[in-house]
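Below is one structure, written out as structure tokens, with a few remarks after it.
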Amino acid sequence: MIFTKMHGLGNDYVCINCFRERVEDPPGFARALCDRHYGIGADGLILICPSKVSDFKMEIYNSDGSVAGMCGNGIRCLGKYVYDYRLTGKETLSIETKSGIRNMHLHIQDGKACGAMVDMGVPRLNAHSIPILSEKDLVINDPIEVQKKNYRMTGISMGNPHAVIFSEEINGISLEETGRELEFHPRFPERANIEFCHVTARDRMEIRVWERGVGETLACGTGACAAVVASVLNDLTDEEVIVKLLGGELSVRWDRKVNHVFLEGPAVKVFDGVL
Ligand SMILES: N[C@H](CCC[C@H](N)C(=O)O)C(=O)O
């Protein structure tokens, strides 16, 4: 079986072309391939599949084998794969995901895709749609206790669940303890991705992300989008923000006129391999 290792700002994925390959047990396959000692090593597995409703279908599995609804860095890698490997000649693509159809426009350089602008769709704010257990309909700047400390979170779904926490000091927080405890907090029936954000200007922030089913990653596309929606809702930034992550910068814009979030960033192929 042929695979292609790709990443978006170091958020790395094993990509399998399921027009040609057949994966029997994706969760077990993801756990095996993503192991950084006994496998290829990656944050997750992306299956590139045919679709009856879009140009392609993306299935995304975290390194623990859990299924995810959407992946902002991964969808850019899929776009690069299908263009560079000539599965399509189109530069504007529609992709079917578990959380709905997402459209993207590829950036082309020297005949290859190097990144994309992705329409990440409508951010979901209702607690039940994230899901987050709450008496209130919206979870904005809501108190939550973890590791015997009080934090305030804002809940957003970008097709997957996120809890966004703002802090002046994100580098002093142990994501291994605090992120992990929050991921499995009882208020998140489907667990959650956790963003720790330090806003540095009305158009800039730095974030670290503890991803559901993975752990701390170098970047998270849906997480960057959730962080910007949360910072606008808390009046900490304007609608267009450069989000600095450990692996680099993403550009996020929440266009409130159409209520869609747009994400722009790179996609890189590392190597092809044979299993
Ligand atoms: N861990 C996420 C999926 C990957 C999302 C992330 N890598 C991105 O770029 O959006 C989840 O379980 O919802």
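The values are calculated or read from the model by the stated rules, or taken from the named source; none is laboratory data. All values derive from a computational prediction rather than experimental measurement. A quick note on method: Cβ atoms are made from the backbone with ideal geometry, for glycine too, and the neighbour counts reach across all protein chains shown. Surface areas here come from the heavy atoms of the whole protein model, side chains and all, with no ligands, DNA or RNA. Shrake-Rupley method; radii C 1.70, N 1.55, O 1.52, S 1.80 Å.
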- Message: Through the Karplus equation 6.51 cos²θ - 1.76 cosθ + 1.60, θ set to phi - 60°, convert the phi angles of the range 184-197 into ³J(HN,Hα) values in whole Hz; use x for Gly and Pro.
- Response: 9, 4, x, 6, 10, x, 10, 6, 7, 8, 10, 10, 10, 10
- Query: For the pair S94 and S174, how long in nm is the line joining their label points, each one 7 Å along Cα→Cβ?
  - Reply: 4.9 nm
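Which pairs in the list K80/K244; K90/K112; K80/K112 are over 18 Å apart, alpha-carbon to alpha-carbon?
Correct reply: K80/K244.
Under a Cβ-only charge scheme (Lys and Arg +1, Asp and Glu -1), can you give me the dipole magnitude of the chain about the Cα centre, in debye to the nearest 20?
560 debye
If you count only protein heavy atoms with a 1.4 Å probe, what accessible area per residue comes out for the range 47-91, rounded to a whole Å²? Before the final figure, lay out each step's value.
On the way: 1510 Å² over 45 residues.
For the range 47-91, the solvent-accessible area averages 34 Å² per residue.
Taking all protein chains in place and a 1.4 Å probe, what share, in percent, of the accessible surface of the chain do carbon and sulfur account for? Could the numbers behind the result be given before it?
On the way: 5790 of 11710 Å².
Its accessible area is 49 percent carbon and sulfur atoms.
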- Query: By how many degrees, between 0 and 90 and to the nearest 10, does the Cα long axis of helix 72-84 differ from the longest principal axis of the chain?
  - Reply: 20 degrees
- Task: Return the long-range amide H neighbours of H260 (sequence gap of 5 or more, or a different chain), with a cut-off of under 5 Å between placed amide H atoms.
- Result: D255
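So, for the range 127-258, what is the accessible surface per residue at a probe of 1.4 Å, expressed in square angstrom?
Working: 5710 Å² over 132 residues.
I get 43 Å² per residue for the range 127-258.
Based on the Cβ-Cβ distance from E145 to D238, what FRET efficiency comes out when R0 is 45 Å, to the nearest 0.05? Could you put the intermediate results ahead of the total?
Values: r = 31 Å, r/R0 = 0.69.
The value I calculate is 0.90.
Let me know the shape class of the chain, please: from the alpha-carbon gyration tensor, a ≥ b ≥ c as square roots of the eigenvalues, rounded when a/c is under 1.5, otherwise prolate if a/b is greater than b/c, or oblate.
Numbers: a/c = 1.74, a/b = 1.42, b/c = 1.23.
Here the chain falls in the prolate category.
Which order do the peptides 83-90, 59-66, 37-44 take when ranked by the mean count of other beta-carbon atoms within 10 Å per residue, highest first? All intermediate terms of the calculation are to be shown ahead of the outcome.
On the way: 83-90: 14.0, 59-66: 21.9, 37-44: 17.8.
With the highest mean Cβ count within 10 Å placed first, the list reads 59-66, 37-44, 83-90.
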- Note on the structure: By the Cα gyration tensor axes a ≥ b ≥ c (a/c under 1.5 gives rounded; else a/b larger than b/c gives prolate, otherwise oblate), the shape of the range 127-228 is rounded
- Query: For the chain, what does -39500 (n - 2.57) per DSSP helix run (n ≥ 4), summed and divided by total residues, give at 222 nm, in deg cm²/dmol to the nearest 500?
  - Reply: -4000 deg cm²/dmol
- Give me the angle, in degrees from 0 to 90, between the Cα long axis of helix 221-233 and the longest principal axis of the Cα atoms of the chain, rounded to the nearest 10. 30 degrees
- Expected vector for the range 37-52, Karplus 3J(HN,Hα) from phi with 6.51, -1.76, 1.60 and θ = phi - 60°, integer Hz, x for Gly and Pro, equals 10, 9, x, 6, x, 5, 7, x, 10, 10, 9, 9, 10, x, 9, 7
- In terms of the alpha carbon gyration tensor, root eigenvalues a ≥ b ≥ c, rounded if a/c is under 1.5 and otherwise prolate when a/b exceeds b/c or oblate, the range 30-104 is prolate
- Once phi for every residue in the range 100-105 is put through the Karplus expression 6.51 cos²θ - 1.76 cosθ + 1.60 (θ = phi - 60°), the whole-Hz ³J(HN,Hα) values, with Gly and Pro written as x, are x, 8, 10, 9, 8, 10
